[in-house]
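Here's the structure, in C-alpha cells; my notes come after.
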Amino acid sequence: MTASDARRAVEAVWRIESARLIAGLARMVRDVGLAEELAQDALVSALEQWPQTGIPRSPGAWLMTAAKNRAVDQIRRQQNYQRKLAEIGRDEAQRTAPDAGAHVGDIDDDLLRLVFTACHPVLSVEAQVALTLKMLGGLTTEEIARAFLVSESTVAQRIVRAKKTLAKANVPFEVPAEDERDARLASVLGVIYLIFNEGYSATAGDDWLRPELCADALRLARVLAGLMPKEPEVHGLVALLEIQASRSRARVGPQGEPVLLMDQNRGRWDQLLIRRGLAALEKAGGGPYSLQARIAACHAVARTPEETDWLRIAGLYEALALVAPSPIVELNHAVAIGFAFGPEVALGLVDELVDEPALKDYHLLPSVRGDLLFKLGRLAEARVEFERAAAMTRNERERSLLLDRASACS
C-alpha cells in the first residue's frame with residue numbers, strides 16, 4: 001500500500017469513526033478536549049503504520065485501541081494515576097467501546113453524552129454548536145464556517161475557547177438530569193440539524209452526499225426523541241430528517257452527480273422513511289424544525305412535481321420567517337413564491353436580498369437568481385449568475401452542475 005492510498009483510507013475511516021472514537025474516549029478521560037487530542041494522535045499513528053502493515057480488519061477498533069493506550073500513558077503522567085486508572089478499569093468492565101450497531105433507543109449512548117456535554121450552558125450557543133460539529137460530525141473548521149456563514153478563524157477561535165472553558169469548569173461527561181435538558185435542547189437540535197445538512201449537501205470535496213453524517217444525525221435525532229418524548233420540536237426534527245433522508249438515493253445520478261428535487265425519480269424515494277417522518281410529524285409542534293418538516297412533507301406526498309402544493313409551501317415559509325427569521329429562509333420563500341406565482345414575482349424578492357451581508361458568500365443566492373432569470377428567458381444574465389455561483393461553491397459536484405447550467409444558457 002502506498003502512502004497516498006493509506007492517507008485516503010485513514011481519512012475515510014476518520015469520517016466514519018471519529019465521532020464514536022472521541023465520544024468513547026471522552027467517557028474514559030472525562031475531558032472532551034483531551035479526547036479529541038488522543039483521537040488525533042491515533043490518527044497520526046494510523047498514517048504512520050498503515051502504509052507498512054496494511055489497513056486492519058476493524059480500523060475503528062484499531063484507532064480506539066491506539067487512542068486508549070495513549071490515554072493510559074497520559075494518565076500515568078498525572079498524580080492521580082491510580083484513582084483514574086481504577087475508574088477506567090471499572091468503566092471498561094461494564095461497558096464496551098461504542099460501535100455502529102448500538103441500539104438506537106439506548107439512552108446510555110456516548111454520542112448523545114458528547115452532544116449534551118458540548119452544549120453545556122457555560123459555552124455560548126455559537127461555541128456549543130461549533131465544538132460539537134467538530135467532534136461529533138468530524139467536520140473541518142472550513143465546513144463549519146460555511147454552515148454558519150462566518151470566517152474560518154472565527155470558528156477556530158470558538159472551538160479552542162470552548163475546550164478550555166469545558167476543562168476549566170470541569171464539566172461532567174453525561175446526559176444531564178431532566179431539569180437541565182431543556183436549557184440545552186435548542187443547541188442540541190441545532191447541532192444535529194447542521195450535521196445532517198452537511199451530510200445531505202456537502203459544502204466541499206468531491207462528494208455531493210456524505211451518507212455517514214446523515215446516518216449519525218438521524219440516529220441521534222431518534223435517540224433524542226426516545227430521551228425526550230414529550231418535546232414536540234424533537235419530533236419535528238426527527239420528521240424533517242426522516243423525510244429529507246428518504247430522497248438520498250434519488251439525489252445523485254449514476255456518476256455521483258447531483259439531481260435536483262424537481263428532476264428526481266420519486267420512485268426511488270424511500271417510502272419507509274417517509275412514513276416514519278409523517279408519523280413523527282403527528283407529534284410535532286409549530287417550531288422551526290416542525291415547520292420545515294411540514295414543508296418537506298408537502299414534497300413527500302406529491303406523486304409528481306406538478307402536484308406539489310406550492311401555495312401551502314409558501315405559506316409555511318412565511319410562518320417559518322416569523323418563528324426563525326433569516327435571509328436564507330427569505331431566499332427559500334422566494335423560491336416557493338416563484339413556483340406558486342411565477343419567476344418574475346420571485347425575482348423581485350430575490351433582488352431585495354442581493355445586498356444582504358449574511359448572503360455575500362452564499363452561492364445559492366446567485367444560483368436561485370440564475371434559475372429565475374433562465375425561466376424568464378434572460379439567458380445572458382442567467383449565465384453570469386450561474387458562473388458566479390460556481391465560483392463560490394467549494395463542492396466539485398455542485399460546481400459542475402452550475403457550470404452545466406451556465407453552458408445551457410448559450
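The values are calculated or read from the model by the stated rules, or taken from the named source; none is laboratory data. No experiment lies behind these values; they were computed from the predicted model shown. Using ideal geometry, Cβ is built from the backbone for each residue, glycine included, and neighbour counts are taken over all protein chains shown.
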(message) Criterion first (in contact (Cβ under 8 Å) with a residue 24 or more places away in the chain and farther than 15 Å from Gly60 by Cα) does Val29 satisfy it?
(response) yes
(request) Kindly establish whether Ala296 is in contact (Cβ under 8 Å) with a residue 40 or more places away in the chain and either hydroxyl-bearing (Ser, Thr, Tyr) or assigned to a helix (DSSP H, G or I) (or both). (result) yes
(request) Scan segment 317-329 for residues that are in a loop (DSSP other than H, G, I, E, B) and of a type in the set (Gly, Ala, Ser) and jot them down. (result) Ala324, Ser326
(request) Quickly run through segment 330-356 and pick out the residues that are β-branched (Val, Ile, Thr), in a helix (DSSP H, G or I) and surrounded by fewer than 20 Cβ atoms within 10 Å (Cβ to Cβ). (result) Val345
(request) Looking only at segment 212-239, count how many residues are surrounded by fewer than 23 Cβ atoms within 10 Å (Cβ to Cβ) and over 19 Å from Gly199 (Cα atoms). (result) 9
(message) Looking only at residues that are among the acidic types (Asp, Glu) and surrounded by fewer than 17 Cβ atoms within 10 Å (Cβ to Cβ) in segment 135-164, which one is modelled with the highest pLDDT?
(response) Glu152
(message) Take the conditions within 18 Å of the chain's Cα centre (by Cα), β-branched (Val, Ile, Thr), at pLDDT 80 or above and surrounded by 16 or more Cβ atoms within 10 Å (Cβ to Cβ) and apply them to Val188. Does it pass?
(response) yes
(request) Search segment 141-185 for residues being part of a loop (DSSP other than H, G, I, E, B) and under 19 Å from Glu126 (Cβ atoms), and hand back the single one that is nearest to the chain's Cα centre (by Cα). (result) Leu149
(message) Let me confirm something: among Gly286, Gly277, which residue is without any contact (Cβ under 8 Å) to a residue 60 or more places away in the chain, small (Gly, Ala, Ser) and not in a helix (DSSP H, G or I)?
(response) Gly286
(message) What pairs come out if I take residues in segment 117-134 that are assigned to a loop (DSSP other than H, G, I, E, B) and pair them with residues that are hydrophobic (A, V, I, L, M, F, W, C) and surrounded by 24 or more Cβ atoms within 10 Å (Cβ to Cβ) whose C-beta lies under 6 Å away, six or more apart or interchain?
(response) Cys119/Val188; Leu123/Ala162
(message) Between a residue in segment 49-60 that is at pLDDT 85 or above and any residue that is surrounded by 12 or more Cβ atoms within 10 Å (Cβ to Cβ) and aromatic (Phe, Trp, Tyr), which pairs come within a Cβ distance under 8 Å, given they are 6 or more apart or on different chains?
(response) Pro56/Trp50; Pro56/Trp62
(request) Kindly indicate the residue of segment 302-316 that is β-branched (Val, Ile, Thr) and not in a helix (DSSP H, G or I) and also surrounded by the most Cβ atoms within 10 Å (Cβ to Cβ) among those meeting that condition. (result) Thr308
